[in-house]
1. Are there strands (runs of 3 or more DSSP E) fully within segment 333-380 with at least 2 residues that are under 27 Å from Gln229 (Cα atoms) and open to solvent by less than 40 Å² (accessible area, probe 1.4 Å)? List them.
2. Could you list, in sequence order, all residues of segment 67-123 that are open to solvent by 20 Å² or more (accessible area, probe 1.4 Å) and part of a loop (DSSP other than H, G, I, E, B)?
3. Given the structure, is Leu233 open to solvent by 40 Å² or more (accessible area, probe 1.4 Å) and among the hydrophobic types (A, V, I, L, M, F, W, C)?
4. Please determine, by comparing only the residues of segment 138-152 that are crowded, with 19+ Cβ neighbours inside 10 Å and assigned to a helix (DSSP H, G or I), which one is farthest from the chain's Cα centre (by Cα).
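The values are calculated or read from the model by the stated rules, or taken from the named source; none is laboratory data. The shown structure was predicted, so the numbers you read here are calculated from the model rather than taken from an experiment. Counting neighbours? That spans all protein chains shown, and the Cβs are built from the backbone with ideal geometry, glycine included. Remember, those area values only see protein heavy atoms, side chains included, never the ligands or the DNA or RNA. Shrake-Rupley method; radii C 1.70, N 1.55, O 1.52, S 1.80 Å.
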Amino acid sequence: MAGQVDLRLLSIYSVSHFGVLPVRIVVPHAGSAFFCLAFLIGAGSHATSLLAAEQASTVATKPDQIKQLIATVNQVGPKGAGHAPAAAAIQELSKLDGAQLLTVVAAIQDDNLLAANWIRSAVESIARRQVKSGGSLPTAELEAFILDTSHSDRGRRLAYELLVQVDATAPRRLLPGLLNDNSLELRRDAVAREIARIAKAAKGEKVEDRELAAKQYLDVLKSTRDIDQIQDLVERLKKLKEPVDVARHFGFLQTWQLIGPFDNREMKGYAVAYPPEEKLEFNAELAGKQGAVKWTSHTTDDPYGMVDLNKAMTRHKGAIAYAATTFDSAAERPVELRFGSMNACKVWLNGKLLLEREVYHAATDIDQYVAKGTLKPGRNVILLKVCQNEQTEQWAQQWSFQLRVCDSRGTAVLSTDRPAMPVAPSADQQVGLANPSK
C-alpha cells in the first residue's frame, strides 16, 4: 500500500544506575503497538542474561569479533527475525569493558530502530558495570562523540545521556551549541533550556525586557521542531503581543482549489477514479454526486492549515472532495508531505500516489501520516482525495484535512512563490496530472 504512516513514538524507560533513561521506539502505525509490546516482551526474555553478563568478568574481544557481533545484532528485524542470534550477540557485547564502550555506542544506527534499542541495552550494561566496579566513564570521549555529527542521532543522544549522569555541568556547556542539531532529541533539550533561560530573564516589567524576550523567543522558534514546544513559544509570544505566522513555520498549505461532492455512498467511491485523478482542469465543470460541480478557490485562516470541508463546501455525507494546489521548487529535493485527517484519504504528488488510508473517523493530529516524495524543479502538483462516509453519530461529522511540506526533521519547505500572507490564486490553470508539465 502506498504511503507511510507518521512516526508515532512510544517511549519506554530503562532504569539503571544512571537513572531513568528514555528509549524511544518508532511505531509505524497504530496496530504496531501490539508488535512493540511483543518486542518488549521478547527483549525482556534476555534481560536476565544481560544482568548475568554485567556481573561476569569482562572479556577481551578482538575488534573484528566485536564488528561481527554488531553485524549480527543489526540483522534483527520485525516479527522476531534474527532474534535468537541477536540475543546471543548482545550477551557477548554486554561483557565488553569500559574501554570499548564508545565502539558499541558508535554501532547504533538510525535506520534500524529495533537493533538500536538492543545495542543500547548492551551499552547500559557496560556502563553500569564500569561504574559499579569503581571505574569511570570516558567523559572527554563521550563529549567528543556527541559533537561529532557523523555519528547517528540516536547514538549521540545515548552518549549525551550517559555523560550528563556523571557530569552535571555538561548540559550548561553543550546545549547552547545544539539548538540547530540534527538530533531532534538533543535539539529539544537545547530549546527547553533556552526557553527557561529567557523566561527567567524576562520576569521584569520593563518594556525593553519584554521586547528583548520577544526577540529571543522568535530566535529560538526558528530552531524548534517539536510541536508542543512550538505551541508553547507561540503562546509566550502572544502574551508579549508578538505575532507569529504559525502556518509558515510548520509549512502548512493554506490555499487550495476544491471540487465536490462526488459520490461515496456505502463508501464505494474511495476506489473510484473520478476525473480529478486523471486530469486537473481548474476551469472544468464535472458531474458530481448531486449535479454539476466546479473548482472553487479556498484559503483557510487556521494557523495549522486545517481546511473544514463542511464549511468550505457545505455539509455532505457519503461524499468525496478533491483538493489541489501547486507548489514551486527551485530544485529537485526530497520532501515529506505530512497529512492529517479523520477521513479516508489519498495523496498524490505530480501524479504519483504517495499515500492511501481507507480509515474513517480515527483520531487525527498534526503529522498523522507521513508520505515521502520528491519535488521536481519548477511547478509541482499536489492532489488530495478526502472521503466522508454516512455515519450519523456526532463524532463522525468532521470532514477536514491539513497538509504541510517539510524535510525529514520537520523543517518547513516553502513554495518559492509563497506570499508573506496567504492569498487565493486564480483558477485558470490547466494541469495534466499524469504529466504535470503539459
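1. Values: elements: 333-340, 344-349, 352-357, 369-375.
Where strands (runs of 3 or more DSSP E) fall fully within segment 333-380 and carry at least 2 residues being under 27 Å from Gln229 (Cα atoms) and open to solvent by less than 40 Å² (accessible area, probe 1.4 Å), they are 333-340, 369-375.
2. Residues satisfying the conditions are Asn74, Gln75, Ala81, Gly82, Lys95, Asp97, Ala106, Gln109, Asp110, Asp111, Asn112.
3. Criteria not met by Leu233.
4. Leu142
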